[in-house]
Amino acid sequence: MTKATAQDTAPPQTTTLVVKVADALRGRISKGHHRPGDRLPSEAQLTQEFGVSRTVVREAIAALRSDGLVEPRQGAGVFVLDPTLSERRPFQNVDLARVSSLIEMLELRTAVEGDAAGLAALRRSPGQEEKIVEALDAFRTSSAEGRPSAEADFAFHLAIAQATNNPRFGEFLQMLGPTLIPRRAVTESGEETALPPADIERLVEEHEAILIAIQNGDETAARAAMRAHLKNSQMRYRSMLRTPR
């Protein structure tokens, strides 16, 4: 799909609170209200100012971080970076409110994470395998109880990337961040969409298939299971492009 085609077929944009907050902060930075080296207002201050949840603020900051506009520093806050440096960073035009952008990212993830799962099957340590199991357990429990599961979903994929023992895979997923879990990104509130029980069961089964292949040390099966999982997500969001919202 070319960029022009994505623009032509995309439905009317659904602007999320995450995008609204990120765009507002991005505008302040571009206008010089927050200069390179400045610390952004605290999470609590931004939550109060925009009237949104802490989750929305965190994900807006994650979006700015992906753009290379800010840098969180442990214990000190979030600081503005030199915008000339961000111009050289990738993924500058990813719009989380566009289903077409989510599909583009899912296609990229399918290629990268498929190989990551295969490498994890060959290279994971016992401790890394345990982290994948723990993330799946958290995902399964959250889903069964009807609680948000996007963070556990992302943790599962990140644990697999880290189990490749090639740090670039983990860095890639961390750069994308949990905001690109599609069921969260397409909502107005920035909170994740509640899935029907059948969809939850399917997602759990797909994750379990990935884990089993990794535990069996089956590179081919692990790669295939991950690719099937992400391609199924692509199919679901492609159907959204064909259905007016």
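The values are calculated or read from the model by the stated rules, or taken from the named source; none is laboratory data. Model, not experiment: these values are computed from the prediction. Don't worry about glycine lacking a Cβ; one is built from the backbone with ideal geometry, like all the others, and counts go over all protein chains shown. Heavy atoms of the whole protein, side chains included, go into the accessibility calculation; ligands, DNA and RNA do not. Shrake-Rupley method; radii C 1.70, N 1.55, O 1.52, S 1.80 Å.
The conditions of being open to solvent by 40 Å² or more (accessible area, probe 1.4 Å) and at pLDDT below 95 are met by Val94. Starting from residues that are among the charged types (D, E, K, R) and open to solvent by 20 Å² or more (accessible area, probe 1.4 Å), keep the ones in the range 168-183 and report whichever is modelled with the highest pLDDT. Top of the filtered list is Arg168.
Just one of (1) under 18 Å from the mean Cα position of the chain (by Cα); (2) modelled with pLDDT of 90 or more; (3) over 28 Å from Leu230 (Cβ atoms) fails for Arg54. It is (2). Among the residues examined, Thr47 does not qualify as under 15 Å from the mean Cα position of the chain (by Cα), at pLDDT 90 or above and either open to solvent by 60 Å² or more (accessible area, probe 1.4 Å) or not aromatic (Phe, Trp, Tyr) (or both).
Against the test of being more than 30 Å from Pro41 (Cα to Cα), of a type in the set (S, T, N, Q), modelled with pLDDT of 85 or more and in a helix (DSSP H, G or I), the options Thr164, Thr141 yield a single qualifying residue, Thr141. Out of Val21, Val52, Val57, report the one residue that is closer than 28 Å to Ser149 by Cβ and touching a Ser or Thr at 6+ places or on another chain (Cβ under 6 Å). Checking each option against the conditions leaves just Val57.
Among the residues of the range 57-77 satisfying the criterion of being touching a strand residue (DSSP E or B) at 6+ places or on another chain (Cβ under 8 Å) and in a loop (DSSP other than H, G, I, E, B), which is modelled with the lowest pLDDT? Among those that are touching a strand residue (DSSP E or B) at 6+ places or on another chain (Cβ under 8 Å) and in a loop (DSSP other than H, G, I, E, B), it is Ala76. Among residues belonging to the range 202-237 that are assigned to a helix (DSSP H, G or I) and polar (S, T, N, Q), point out the one that is nearest to Leu108 (Cα to Cα). Once the filter is applied, the top-ranked residue is Gln234.
Scanning the range 138-167 for residues that are open to solvent by 40 Å² or more (accessible area, probe 1.4 Å) and over 16 Å from the mean Cα position of the chain (by Cα) yields Ala138, Arg140, Thr141, Ala144, Glu145, Gly146, Arg147, Asn165, Asn166, Pro167. If you go through the range 117-137 and keep only what is assigned to a helix (DSSP H, G or I) and buried (at least 22 other Cβ atoms within 10 Å of the Cβ), you end up with Ala117, Gly118, Ala120, Ala121, Ile132, Ala135.
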